[in-house]
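Take a look at the structure below.
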2 protein chains.
Amino acid sequence: MKAIAVEPGAGTPVLVEKPRPDPKPGEALVRTLRVGVDGTDHEVIAGHHGNLPDGADRLVLGHEAVGIVEDANGTDLEEGEFVVPTVRRAPNGTNEYFERGEPDMAPEGKYVERGIVDGHGFMAEYFTSPAEYLVPIPERLAPLGFLVEPISISEKAIEHAIASRSAFDWEPESAIVLGNGSLGLITLAMFEEVLEIDRTYCLGRRDRPHPTIDLIDELGATYVDSRETPVPEIPDVYESIDLVYEATGHAKHAFETVDALAPNGVGVLLGVPEPWEFEVDGGRLHRELVLHNKALLGTVNSHRGHFEAAIDTLSQLPTWFTDEFVTGVHGLEEFERAFDTGDDVVKTAVEFSRL
Amino acid sequence: MKAIAVEPGAGTPVLVEKPRPDPKPGEALVRTLRVGVDGTDHEVIAGHHGNLPDGADRLVLGHEAVGIVEDANGTDLEEGEFVVPTVRRAPNGTNEYFERGEPDMAPEGKYVERGIVDGHGFMAEYFTSPAEYLVPIPERLAPLGFLVEPISISEKAIEHAIASRSAFDWEPESAIVLGNGSLGLITLAMFEEVLEIDRTYCLGRRDRPHPTIDLIDELGATYVDSRETPVPEIPDVYESIDLVYEATGHAKHAFETVDALAPNGVGVLLGVPEPWEFEVDGGRLHRELVLHNKALLGTVNSHRGHFEAAIDTLSQLPTWFTDEFVTGVHGLEEFERAFDTGDDVVKTAVEFSRL
C-alpha cells in the first residue's frame, strides 16, 4: 500500500510503498479516507518536533485521520463503520494513564504519538489500531472527520480552562484566539458557534485581504493585527479578555497573556516553542496574576472523551464555515499540494480513498 | 477606645484613641479579643501595600481578628457569640461580587480591605461589621481565632488548585511551600495534618537552628534551603512536585515554579511583589507548561465559605503545632512586641480583651 512518509528535517514528504498491516487481536484494520495536515506535521517535516520509531529511517506522517473499518477482526466495531483514531498509544502495552483513559495526561516517555513521536501515523491507505482508540463518527460527518482531532485538542483545552474557574461563578463573555492558523480558526468557530461567547477576537499578523481574515469577519469576530495592537495593549484598544487561547507557539505571547486577561480570567497555552530567553517584568506579572486571580494553563493532546465531544461540536459547525475553512482535499496523485503553505491555504487534507 | 494605627511608611504603629463605633442597622458591635499580625501588616506599615481610607491620616491596622458579639443590634447573631470577621467590604454598599458571596473575586476598585486597602482594620477594642461578614467560631477555638483568616487564604488557594486539576484524575502526593513565614508554615501544617499529602517540603533561606525549621522538622516535612537548592533544582535533588504553594512574593519563584512542578501539577501564587525585570527562558517555560499540562494560578483573599472551612481546619491542627507556632500574644500595654520581627518570632497577635 502507499503511504506518505518523511525523513524529519529533509523537508519533503514522499510517497512510499509499505506492506498493508495485519490487525493483531483486539485491533481493527481501517481503510483510510482522509488525513488532515496541520502545523505539527510541518514541524515534524522540518525536524523541529517529533521522533522516528525505533529502527525507522522515515516517519509515516498524519495524526488527523478518518477511515472506515475494513476488518473488525472480532472487535466490537462493525465493518463499514466510520471511525476517527485517537493519537496516543502506550509504548509498552499500557500504563496508568492509558488505563484510566487519560493518555493526554501521560508525561513524555509514557506515550507514543502516531505520526509525531515514536510511532508511524495514519497517512497510509490502511492502518490498524486497538478498537478502543477508534471513535465512531456518523457517516454524514465522515468527509470532515479529519477535523475531529484538532477540535478535540480545543475540547480538552476549554474543559481544563472551565474547570480551573469552577470554584467560583465564571462565564466568559469575551475570548481571543492568539493565532489565525487552522487550529486557531476552528477554535474561534467553536467560541462563536458552539460556546456562543459574546465577543470574540482573533490575533494574527497578516494583511487584508486574506482568507483567514475573511473567516474571522464572517464568524462575527474581530481581527486584531498584532503589528498594530501587541497582545499587552489589547485591554486598552479593545477590552480585557476572559479567555485567552494561545495557538501561536510564540513564547512571548504566553507571558503577555497575563496582561490581556480580565480579572479572574484564564489563558490556555497550546504552542510548543523552542527555548528563547527574553526579559519580562516578572514582578508585575506575578503581582497581576495574584491580585486578579488569573490563571495560565498548559494543555496538550486529548482523550477519547474529547474526540466524542469534538464529533458533537463538528455537527454544530455551520456548513459555510467548514466549506471555506477546508481549502483543499487532495488525492494521492497530488498529495504534495496538501503540504503547500501558500497564502490561500487554510486547512488541507490528503484523500486516500474516496468516500 | 484604644486602637493601633499607622501612618503608612512611617514605620511604627502607635496607640491612638478613637470613639467606640455605633453599629448601623444590619451591623453588630464586636468586642475585639485578639488580632494577628502578618506579612501584609508589615508591608502596610512600610508603605509598600495598602491605602488609607478617604480623609484619614492613619490606618487602623489588623485583618486577622477574633471577637465576641457585644451588641447583636437586632441581627441573627447572639450576644456573647465568638466571631471572626471577613476582610473585604463593598465600597458603595454592594456590587455583583459581594452579592454572590465572592468578594475575593472582586477586582481592584470593587472592594475595601479592612486594615489594608481603603478601610480601617480590627486592631481596636471594638469594631462593627455587617452581621453577614461575621463568622461564628466555637468558644474552644476562639483563643486561636486570629488564625482563621490566614488559614482561609490557603483554603481558597487549595480549592482553586484542586478545581484546576478536576478535569482529570489528580491526587497530589508531594507538595512544597515556598517560604517559611507564618502563612507558609500554617499551610504546611494543613498539607501534613489535614490534607495528609504524602511528602511535603518547605523552602526557606535561614540557618539552623531556627524555630521555623524546628516546626518544619516536627511536622515531618523536609526543609529545603534555597541557598543550597534553588527552586529549579528541586526535582533533581528531591523530586518534581505536584503542588507548589508560593508564599514568598519573590517574583522569580513564580517562574521557577514551572520547573519545580511534576507533570500535570499546579502552582498557586500568593505573593504580591513589586515590579522587577529579569530574564527568563520563556520558550522553555512555555513549552514545559504545555507538554506537561502544568498550571499556574494567582489567588488572593478568601470568602465566607473559606473562613468556615478554615475554622474546621483549625479544629484539626494539633495543639503542639499551634502552641509552638504562636510565639507571642501581647496585651495592649506591650503591643509593640507583636510587631517585632526578631529571629525567634513565628506568629504573634495583640490581645485587646482577655478571653
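The values are calculated or read from the model by the stated rules, or taken from the named source; none is laboratory data. What you see is a predicted model, and the numbers here were worked out from it, not measured in a lab. A quick note on method: Cβ atoms are made from the backbone with ideal geometry, for glycine too, and the neighbour counts reach across all protein chains shown. Each accessible area value is taken on the protein alone, full model and side chains, heavy atoms only, with ligands, DNA and RNA left out. Shrake-Rupley method; radii C 1.70, N 1.55, O 1.52, S 1.80 Å.
Below are the figures for this structure:
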{"item": "Teacher prompt: A:Asp236 distances to equivalent labels in other copies, 7 Å Cα→Cβ, nm", "result": "4.1"}
{"item": "Label spacing, shortest first and in nm, from A:Glu196 to its equivalents in the remaining copies (7 angstrom along Cα→Cβ)", "result": "4.5"}
{"item": "Total accessible area lost when A and B pair, probe 1.4 Å, Å² to nearest 100", "result": "4800"}
{"item": "Calculated FRET value between B:Glu99 and A:Thr12, using beta carbons and R₀ = 35 Å, to 0.05", "result": "0.05"}
{"item": "Within straight-line cross-link reach of A:Lys24, aspartates and glutamates at Cα separation under 20 Å, skipping those fewer than 8 residues along the same chain", "result": "A:Asp54, A:Glu70, A:Asp71, A:Asp76, A:Glu78, A:Glu79, A:Glu81, A:Glu99, A:Glu113, A:Asp118, A:Glu125, A:Glu132"}
{"item": "Accessible carbon and sulfur surface of region A:149-204 relative to its total accessible area, %, 1.4 Å", "result": "41"}
{"item": "Neighbour cut-off at most 14 other Cβ (10 Å), DSSP loop, trypsin sites (Lys or Arg not before Pro), region A:99-197", "result": "A:Arg100"}
{"item": "C-alpha long axis of helix B:148-164 to longest principal axis of chain B, angle in °", "result": "40"}
{"item": "Overall Cα dimensions of chain A, principal axis frame, Å, largest first", "result": "58, 46, 38"}
{"item": "GNM top mover of B:Pro91, B:Pro209, B:Pro172 - chain B, alpha-carbon springs below 10 Å", "result": "B:Pro209"}
{"item": "Highest-fluctuation residue, B:Gly119, B:Gly179, B:Gly331 considered, GNM on chain B with Cα pairs under 10 Å", "result": "B:Gly331"}
{"item": "Peptide B:210-216, shielding by other chains (average Cβ, 10 Å cutoff)", "result": "0"}
{"item": "Selection from B:Pro107, B:Ala5, A:Tyr126 lying farthest towards where the dipole of the protein assembly as shown points positive, charges on Cβ", "result": "B:Ala5"}
{"item": "Other copies of B:Asn51: label-to-label distances in nm, shortest first, labels 7 Å along the beta-carbon direction", "result": "5.2"}
{"item": "Counted charge near A:Val35, where neighbours are those whose Cβ lies closer than 13 Å (Asp, Glu -1; Lys, Arg +1)", "result": "-1"}
{"item": "Label-to-label distance, nm, for residues given as B:Asp214 and A:Asp198 (7 Å Cα→Cβ offset)", "result": "5.7"}
{"item": "For chain B, accessible area per residue (1.4 Å probe, heavy atoms of protein chains only), Å²", "result": "38"}
{"item": "Listed residues A:Met190, A:Asn301, A:Leu289: farthest to the positive end of the dipole of chain A (Cβ charges)", "result": "A:Asn301"}
{"item": "Around A:Glu239: net Lys/Arg minus Asp/Glu count, Cβ-Cβ under 10 Å", "result": "-2"}
{"item": "For residues of A:106-112, the mean tally of beta carbons on other chains within 10 Å", "result": "2"}
{"item": "Fraction of accessible area attributable to carbon and sulfur, region B:218-355 (%, probe 1.4 Å)", "result": "43"}
